[in-house]
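The values are calculated or read from the model by the stated rules, or taken from the named source; none is laboratory data. Please read these numbers as outputs of a predicted model, since none were measured by experiment. When we count neighbours, we look across all protein chains shown, and the Cβ atoms used for this are built from the backbone with ideal geometry, even at glycine. Each accessible area value is taken on the protein alone, full model and side chains, heavy atoms only, with ligands, DNA and RNA left out. Shrake-Rupley method; radii C 1.70, N 1.55, O 1.52, S 1.80 Å.
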There are 2 protein chains.
Amino acid sequence: MNLPPLVQGFVLHFGEMGSRWGLNRTLGQMYALLYVSPQPLNADEITEKLGISRSNVSMGLRELQAWRLVRLEHHPGDRREYFSAPQDVWAIFRTLAEERQRREIEPTLSMLRDALLETVETDEEKHAQARMGEMQALMEQLTTWFTEMNRLSPETLTRLMAMGSRVAKLLELKDRLRTRSG
Amino acid sequence: MNLPPLVQGFVLHFGEMGSRWGLNRTLGQMYALLYVSPQPLNADEITEKLGISRSNVSMGLRELQAWRLVRLEHHPGDRREYFSAPQDVWAIFRTLAEERQRREIEPTLSMLRDALLETVETDEEKHAQARMGEMQALMEQLTTWFTEMNRLSPETLTRLMAMGSRVAKLLELKDRLRTRSG
DNA sequence: ATGAGATTTCACTGATTACTGAAAGTTCAA
DNA sequence: TTGAACTTTCAGTAATCAGTGAAATCTCAT
């Protein structure tokens, strides 16, 4: 691995975490490298800096693109493909959250929707179906909420988040106003 | 596998998803089984219903307890240990979110905090460090917000979530009130 | 059309992770 | 204190997943 110490530590950490995040080591390392790189890199540069095989880089780049975590660009007069990670951390967070939603939540939601349509006979199955209903309700609620929040600007989100649990106070305030005027 | 069709489908699906969620197949299946079970189960019952080895169940149960996803209880006059999944889906969601926070976010945050304390020389490293700073800022913000939200009751959270992006309206309302009174 | 530069595919191998069965450990009643 | 009931540990094996290199494919400039 051919990197300054600070960057190397970051890249190795992301490699380790990669597996916990449903990616794999190489993917984590590649992403970390692109994230801190001052300019886009081509596949050979990544190969060289990480000390892994060219083909591994090729596969990794495809997967990172599928995650929408890296962007492909071309430089005039250069046939090679260059890759960069989007700079806006909020955008990255949203992408990540959307992709996880799509990969981890949606399949389960659709399984649950199907399961809830089945007609069942035994008490055991009825109980199971009721539990699935609770799970589905919460997941739908979270999904809807998440979609809505994703429409807000980073500024608005930052303000909302900065308020933390004090947003609950706003609800009381709203209730009071409504009561007064209603 | 020795289960009614509806339950079996649910259990198998969670087995598949288990890996995407950083668990593994068996863990997913065991959790799903306990989640829909009308009463707590002991290790032998789980072994029998899932058709896996007794030792695998034993290890799986330890891990599910480490995730705080199942609870151990004893029945009077029975030496065996019984396991159940908490019933409250909100509680489950919080537990899951907290554990993922602990396993997936915190290690990265502490790595970033360390990296940001280093003194670096080259422009490349300075750029990398700046990028790490951005990442750290967002992660701290999200972490703080999440901790705060976790204090709210499910009722409050449900109300807030039901408002969706209309919470942003509350901010405007608040601004107006402050302007008027300030 | 040709071939040099660039990228991708894929069968194989190496590494990691999950699962099992046998043995050891624990707990408790008699 | 013995042993029956129950649980855990762990070494070995099976299954899965990641990474490589050679070959195939793609893509332009000539």
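List of remarks:
- Pairs, first not assigned by TED's automatic domain parsing to the domain that holds residue B:68 and more than 8 Å from DNA strand C (Cβ to nearest atom) in the stretch B:21-38, second at pLDDT below 95 and part of a helix (DSSP H, G or I), C-beta under 7 Å, six or more apart: none
- Subset of the stretch B:40-57 [of a type outside the set (D, E, K, R), more than 8 Å from DNA strand C (Cβ to nearest atom) and in a helix (DSSP H, G or I)]: B:43, B:46, B:47, B:50
- Picking from residues in the stretch A:29-53 that are more than 9 Å from DNA strand D (Cβ to nearest atom) and under 30 Å from residue B:16 (Cα atoms), the one that is farthest from the other protein chains (Cβ to nearest Cβ) is A:30.
- Flag if residue A:64 is in contact (Cβ under 8 Å) with a residue 24 or more places away in the chain and either within 14 Å of DNA strand D (Cβ to nearest atom) or not in a helix (DSSP H, G or I) (or both): yes
- Just one residue in the set A:56, A:24 is open to solvent by 30 Å² or more (accessible area, probe 1.4 Å), within 13 Å of another protein chain (Cβ to nearest Cβ) and within 13 Å of DNA strand D (Cβ to nearest atom); that residue is A:24.
- Exclusive hit being in contact with a Pro (Cβ under 9 Å, 6 or more places away or on another chain) and open to solvent by 50 Å² or more (accessible area, probe 1.4 Å), set A:68, A:62, A:79: A:68
- The stretch B:62-95, residues that are within 12 Å of DNA strand C (Cβ to nearest atom) and either in contact with a strand residue (DSSP E or B) (Cβ under 6 Å, 6 or more places away or on another chain) or under 24 Å from residue A:141 (Cβ atoms) (or both): B:80, B:81
- Residue B:93 being within 14 Å of another protein chain (Cβ to nearest Cβ), more than 16 Å from DNA strand D (Cβ to nearest atom), at negative phi and open to solvent by 50 Å² or more (accessible area, probe 1.4 Å): yes
- Per-region count, the stretch A:67-91, residues assigned to a helix (DSSP H, G or I) and free of Cβ contacts under 8 Å to residues at least 24 places away in the same chain: 2
- Just one of the listed residues (B:41, B:34, B:12) is more than 18 Å from residue B:92 (Cα to Cα) and open to solvent by less than 10 Å² (accessible area, probe 1.4 Å), and it is B:41.
- Any hit, the stretch B:106-125, residues being open to solvent by 60 Å² or more (accessible area, probe 1.4 Å), more than 9 Å from chain A (Cβ to nearest Cβ) and touching a strand residue (DSSP E or B) at 6+ places or on another chain (Cβ under 9 Å): no
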